[in-house]
Structures are given as structure tokens and as C-alpha cells.
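Reading through the C-alpha cells given below for one structure.
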Protein chains: 2
Amino acid sequence: MSPSPQPAAVTDSPFLRACRREPGPHTPVWFMRQAGRSLPEYRQVRAGIGMLESCRRPDLVCEITLQPVRRHGVDAAILFSDIVVPLAAAGVDLDIVPGTGPVVAKPVTALADVEAIPKLSSEQVDYVAEAIRLLRPELGATPLIGFAGAPFTLASYLVEGGPSRTHAKTKALMYGAPDVWHALCRRLAEITLTFLRVQVDAGVAAVQLFDSWAGALSEADYRRYVLPHSKAVLGGLEGAGVPRIHFGVGTAELLTAMGEAGADVVGVDWRTPLNVATGRIGADKAVQGNLDPCTLFAPAEVLSAEVRRVLDEGRAAPGHVFNLGHGVLPETDPDALTRVVALVHELSAR
Amino acid sequence: MSPSPQPAAVTDSPFLRACRREPGPHTPVWFMRQAGRSLPEYRQVRAGIGMLESCRRPDLVCEITLQPVRRHGVDAAILFSDIVVPLAAAGVDLDIVPGTGPVVAKPVTALADVEAIPKLSSEQVDYVAEAIRLLRPELGATPLIGFAGAPFTLASYLVEGGPSRTHAKTKALMYGAPDVWHALCRRLAEITLTFLRVQVDAGVAAVQLFDSWAGALSEADYRRYVLPHSKAVLGGLEGAGVPRIHFGVGTAELLTAMGEAGADVVGVDWRTPLNVATGRIGADKAVQGNLDPCTLFAPAEVLSAEVRRVLDEGRAAPGHVFNLGHGVLPETDPDALTRVVALVHELSAR
């Protein structure tokens, strides 16, 4: 790994300063899923193009990643991609079905299925590196966040065959065949680490590891079945010079453990106030979050009050990256997002 | 309200003793959704009969409620019903669609929609009272738990028009039209209280108020928009002589507030260990829970270890009713449930 040096304006950006727990001119703000269906310009460029195909076209990835930066003036861009992109690139037979999500042709049930998952080579995701190289000059002083799905969340898709509310098959495999489970997660951790290293080498300024569904687990199960594999990914980026953000939903009881996975910044959903979260995560990590995405449907004065509350609670943390507590919902009015960016900047100006 | 006196064997049952935080011969155990799709005898009697229709037939309700008592030897029966039964009985146009859940013909968006929701009269749920009267002699010493959905969860179905992952419309109504929201919840609290009083009068020995989706809210929103209405329901049963159990999923941050709603017993999902939950709920309330329903798919030795852990953690509480952390999943092997009952009894025998 030989990360491209970042321009000084990126290194000194409010986003990277907050990740490093250094004071900055204002609290930085970006939104999970900011590059996506809430934007009419996104729906326009995506028209007729499948999700996986759009993630493989550097020109489209570049355009879509830039859209929310242009429109909202967010403090960071996040690479447009999907957590199953590296799996598809490695050769796992899956598709992203509109209205459903990832659908896997042959779900994992046994060790042979795990062994059949190919490793990922950097060349297989050249288009991602190319998109990042296209993006950097366009972004100027705005840092670009790379991302990947964490082993547990990827494993859940592979074991369930698609999205699941209960993760019952996933947990059954964990409990019933821990050797298969750990082999699966080791393979996924390798793929994820390769995917993130490609992004770091191509020039992302930070990475976010999404363990979207980790909140389905108790802390004991998380520590036994998940933490070692997330640690392998985040630990593999130690010394790479990029802050590592780690996020999941419904993780009230997991925040301490998720911080231990090797995160520099822990993402928090809207259920746990940031001051409470900081108590669990510790003073050596920044926090990211945590406006309820549904407050974007609220009247302006309610939304403002909620933004103020999140900023106030975030002052308890040694560093705060303002974000939602989960992704932007597709039916969100983009103007509400633009107003939140302006308000965060105004209220937090130092 | 003039609750029927319970037989001494019911009053002294391990279940009611645990609810009252009194020591008993063993830790009582029952399972949310124990009367349901995991049982072949349930699928047989339900064949060709719609969910709402089956809830309206006292003979069927009686049979289905008894099935898990006969099969597993659980320490309590729970009335077979659905949280939308009182709404349908009052005249709200809705149906329970297999594979989807409740679907409401005309979702609530304005005050006129709230005013159009009729009040519930006791006579409209006579069939529920009749089922309870049929059940009591059949159940003998086994206590019968009545139940209802809490205002927030019912409101979510009425506002969204059906099940929702995000509850976005519900929260938008809360934030944007709090007068409509509170009027809706007041009406729902009245209906729920009427429904529970019918059950208490007919002879249930305890009630459980399900606020299944409350965990979608931050504590601040829960306290502002939900707690007063749940309090109105649970407070309306004060002095009725029946323990009140209050349960929701993903409520790590809400346990203190949910206890304040007027519960004698707070149900806890599997994410929060019972000893941790007790610290939040306080020593004046019992807890119920909290085996992960997915552990029922685990090998016998893993399941046993988890049952032991839950019992151990439950010893920190002043009273413990063993249960799952959420409902029995339809694909569960009923024999696993039977084994859990035997194991809980064996391990907790005093």
C-alpha cells in the first residue's frame, strides 16, 4: 500500500481535522447515501442503467459522487458504489434487484461454498481506482471517502441469499457451524481489505466500513463471531494514513466493541445521543452522526432544533463529523439536505 | 372494571409470582408468538381461515391459545389475537394480508381521518371475552395473558398504511402535525384501554402491551410523542389487579422510559443483557426475556449455554419471566421450544 499523498487543502479540511480530533473552522457534514436517489440529477444519469453496471463505469461513478458536493456543499464526498461490488468483481454470482437489494444465486451453506468464493485481485476493481483518479482533481479540497461492507453484513447477504429482517440463517450458521462461519468471514475480510487498499492507493482520504446489520447481534455474539474479522480489515489499514470510520445501525449495545475494531471514528445511529455514545466509545475516538433521517421530512423549525441538539450533544465528543444516523431516504427533499449543511456550518462556526 | 377473581393456583403460579417479584419454585417461561405458525397443529386449524376471521372465532382462539400449553408446558398462555383486532372491531377498514401484514384502506394523514376512527365499544369485541371465558376452565392453573398493541405501533400501521421499515410517514406526522399525532394516539389509547379492560373483565391474569416498533424512536421523541399515550393505557389498568408487561424491540435506549409508562414487567430484546436492562429499568420492576429467537436454530449445546446465560443474567433482576427477545420465528422447530421450557425449569428449580 502506498497511498497517494493528499493535497494540503484536503489534509487540513474540516472533515479530516474532525476525524483526527483536531479543532477546525466548523463541524464538517456529509450524509450517508448523499449520492443517490434523493437527487433528480442522480435519477437522470442512472435512468436505464443497472446498479452494478453504474458502479463499474468510472465516468458515472465520478459524476454521481460529485453531485451532492456540487448541490449541497458537503464537507466530504463518498465514492458511489455498493457493498456487494467487490463480491461481484471477485466472481460471486449476484445481482442488485431494484426494490429488493442484493440477490445471491447460490447462498453459502457449507465450507465448499466458502472455498468457491474467489479472492479479489486489485485488477478486478480497476474501474474503482480509475473513478477515484478521475474524482480527485474534480474534488479539489473536498476529501473523498472510500468504503466497503464489513464481513458480517456481507456474510449475511451471502448466507441469506438476499436481505433479511431476522438474519436467522446467518445466525444459524454462526451457531451451528462456527468453522464455516469463520472461514467465510476470513475470506470476506480479505476481499474487503483488498477492495479498501485499492481505494487507498488510488487516493481516498478516509474510509468507512459499513457493518449495516451488526445491530442484529448481542454484544457477546458480536465479540465472538464478528469483531475479529472487522479488526482484520481495519487493522490491515493501520498506518495507511487514512482515518477509518466504522458504522452500523441499532448498535446501542455495540458501540464500545465497534470502537475496539480499530476505528478512528465511530458512526452512531439516531437512537443513542452522541454524548452518551462518546461515554461508551471513549475519548480516543471521534463520532459521526446522528440526525434521524426522518427529521428531514419535518418542518424547518423542527429540523433546525434537531440539528442544534445533535451539534450540542456532539460537543461532548473529542471530534464530531455531522451526518445522519442512517442513509438519506429516497423520498427526501434535497433542499432539506442543503439547508442542514448551511445550518451546521453556521451554528458550528468557530 | 370488575376483574374476575383468579383461582388460587393461578394467583400463586410461578408466572404471577415472578411478575410480582416474589420468589417461586422456578423461573416461569413462555414465548411471544408461541401460539402460531411454528406449530403444525396451528397450521392445520388455520388452514383456509383468514387471520382476522380466526381471531373472531372463540372456538379457534381457545384451541390455538391452548396448543403451546399442551405441547410445551409453558407457564403462561397468551390469548391468540392480533394487535389490529380492536381497530378492525371498531370499524377501521383494514385486513391482514398473508406475507405482508396489516394493510389499511385509508391511511391517516389529517385530523378528519383521526375523527373518522370510531371508538370501540366492549360489545364489538364480545368474541374475545367469550374466548377468554372458554379458556379459563381449560387452562386450570395456567395464567392467561391478555394483550394489545400500544398507541405508537398501532399509529404507525394507520399512518403508513401497512408495515414500514423506516416509519418515515409516522415520524413526519409527529414532527409536522403534532396536534393530529396526539389526537390519533389519544383515540388509539382509548381503543386499546377498552380492549384490555374487556380482557381483564373476562378473566385474563396479566396483560402485555406490545409497542413492537417503539425502538425506531430516540428516547427524546419517545418521551415527547409516545410515553404519555402508553401511560394512559397502562395507567388506566392501575388497580385492576393484573400485572402489566410492556415490550418493544430494539429498545436499548428506551428501557427506563418504557418502565415509567406504568409497567410492572419490562420486556427486553436479546440485544441488552438482562442485568444491564435491570440497571436501566430499576429494582421495582421485573424483566421478561430475552433469548435470541435465532438461537432456537442452534445445536442443542449452544442453545443450552444461551438459556443458562439468560437465566444467570436474569438473577440480577428482582423478578424474571423467561421469554424470547422477540416472537417465535415461523420456521422454528417446536421441539426446540419444548426443550427450552424443560431446561429453564430444571436449571432454575429452587
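The values are calculated or read from the model by the stated rules, or taken from the named source; none is laboratory data. Bear in mind the structure is a predicted one, so any value in this text is a computation, not a measurement. As a convention, Cβ positions derive from the backbone with ideal geometry for all residues, glycine included, and neighbour counts pool all protein chains shown.
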Pairs, first more than 13 Å from chain A (Cβ to nearest Cβ) and over 13 Å from B:Thr278 (Cβ atoms) in the range B:291-320, second among the small types (Gly, Ala, Ser) and crowded, with 16+ Cβ neighbours inside 10 Å, C-beta under 7 Å, six or more apart:
B:Leu311/B:Ser348
Would you check if A:Gly267 is out of contact with any Asp or Glu (no Cβ under 7 Å at 6 or more places or on another chain), of a type in the set (Gly, Ala, Ser) and either more than 23 Å from A:Arg17 (Cβ to Cβ) or surrounded by 24 or more Cβ atoms within 10 Å (Cβ to Cβ) (or both)?
yes
Let me confirm something: among B:Asp284, B:Asp269, which residue is more than 8 Å from chain A (Cβ to nearest Cβ), of a type in the set (D, E, K, R), farther than 19 Å from B:Gly250 by Cα and in a loop (DSSP other than H, G, I, E, B)?
B:Asp284
Could you check the range B:334-350 and list, in sequence order, the residues that are under 29 Å from B:Asp211 (Cβ atoms), in contact (Cβ under 8 Å) with a residue 60 or more places away in the chain and not polar (S, T, N, Q)?
B:Pro334, B:Leu337, B:Val340, B:Val341, B:Val344
Find all pairs meeting these conditions: Cβ atoms under 8 angstrom apart; at least six residues apart or on different chains; first residue within the range A:163-184 and at the interface with chain B (Cβ under 9 Å from one of its Cβ atoms) and touching a residue at least 24 places away in the same chain (Cβ under 8 Å); second residue among the aromatic types (Phe, Trp, Tyr) and outside any helix (DSSP H, G or I).
A:His167/A:Trp213
Looking at the range B:119-133, can you tell me whether even one residue there is in a helix (DSSP H, G or I), away from chain A (no Cβ under 14 Å) and either out of contact with any helix residue (DSSP H, G or I) (no Cβ under 7 Å at 6 or more places or on another chain) or within 23 Å of A:Gly99 (Cα to Cα) (or both)?
yes
All positions within the range A:156-176 that are more than 21 Å from A:Ala220 (Cβ to Cβ) and in a helix (DSSP H, G or I)
A:Tyr157, A:Leu158, A:Glu160
Can you pull out every residue in the range A:140-165 that is among the polar types (S, T, N, Q) and at pLDDT below 95?
A:Ser164
For the range A:272-281, name all the residues that are out of contact with any Gly (no Cβ under 7 Å at 6 or more places or on another chain), more than 8 Å from chain B (Cβ to nearest Cβ) and within 22 Å of B:Thr166 (Cβ to Cβ).
A:Ala277
Among the residues of the range B:300-350, which ones are surrounded by fewer than 16 Cβ atoms within 10 Å (Cβ to Cβ) and small (Gly, Ala, Ser)?
B:Ala300, B:Ala305, B:Ala342, B:Ala349
Within the range A:239-266, how many residues are within 14 Å of chain B (Cβ to nearest Cβ) and either assigned to a helix (DSSP H, G or I) or not polar (S, T, N, Q) (or both)?
10
Return a yes/no flag: does the range B:318-328 have any residue that is farther than 25 Å from B:Arg46 by Cβ and either part of a helix (DSSP H, G or I) or of a type in the set (Phe, Trp, Tyr) (or both).
yes
Please determine whether any residue of the range A:82-92 is out of contact with any Pro (no Cβ under 7 Å at 6 or more places or on another chain), more than 30 Å from A:Pro178 (Cβ to Cβ) and touching a residue at least 40 places away in the same chain (Cβ under 8 Å).
no
Of A:Asp12, A:Asp75, A:Asp59, A:Asp93, which residue is over 18 Å from the mean Cα position of the chain (by Cα), within 30 Å of A:Asp284 (Cβ to Cβ) and either surrounded by fewer than 19 Cβ atoms within 10 Å (Cβ to Cβ) or not aromatic (Phe, Trp, Tyr) (or both)?
A:Asp12
Regarding the range B:331-340, can at least one residue be identified that is more than 14 Å from every other protein chain (Cβ to nearest Cβ), of a type in the set (A, V, I, L, M, F, W, C) and more than 18 Å from A:Tyr175 (Cα to Cα)?
no
Mind listing whichever residues of the range B:3-39 are of a type in the set (A, V, I, L, M, F, W, C) and farther than 23 Å from B:Ala316 by Cβ?
B:Ala8, B:Ala9, B:Val10, B:Ala35, B:Leu39
Among the listed residues A:Gly248, A:Gly262, A:Gly239, A:Gly289, which satisfies the condition of being surrounded by fewer than 24 Cβ atoms within 10 Å (Cβ to Cβ) and either at pLDDT below 95 or under 22 Å from B:Thr166 (Cβ atoms) (or both)?
A:Gly239
Test: A:Arg197 is basic (Lys, Arg), over 17 Å from the mean Cα position of the chain (by Cα), surrounded by fewer than 24 Cβ atoms within 10 Å (Cβ to Cβ) and in a helix (DSSP H, G or I)
no
Looking at (1) away from chain A (no Cβ under 14 Å); (2) under 17 Å from the mean Cα position of the chain (by Cα), find the lone condition where B:Trp213 falls short.
(1)
Here is a list of conditions, (1) closer than 18 Å to B:Thr170 by Cα; (2) polar (S, T, N, Q); (3) touching a strand residue (DSSP E or B) at 6+ places or on another chain (Cβ under 9 Å), and B:Thr109 meets all of them except one; can you say which number that is?
(3)
Taking B:Thr278 and the conditions (1) surrounded by 24 or more Cβ atoms within 10 Å (Cβ to Cβ); (2) assigned to a loop (DSSP other than H, G, I, E, B), which numbered condition does it fall short on, given that it satisfies the others?
(2)
I need the full set of residues from the range A:168-188 which are under 21 Å from the mean Cα position of the chain (by Cα) and either surrounded by fewer than 23 Cβ atoms within 10 Å (Cβ to Cβ) or modelled with pLDDT under 95 (or both), in order please.
A:Arg186
Screening B:Arg315, B:Arg271 for residues that are basic (Lys, Arg) and under 19 Å from the mean Cα position of the chain (by Cα) leaves only B:Arg271
Please give the number of the condition A:Ser230 fails out of (1) free of Cβ contacts under 8 Å to residues at least 60 places away in the same chain; (2) away from chain B (no Cβ under 14 Å); (3) surrounded by 21 or more Cβ atoms within 10 Å (Cβ to Cβ).
(1)
Tell me which residues, restricted to the range B:208-226, are surrounded by 24 or more Cβ atoms within 10 Å (Cβ to Cβ) and in contact with a Leu (Cβ under 8 Å, 6 or more places away or on another chain).
B:Leu209, B:Ala214, B:Leu217, B:Tyr222, B:Val226
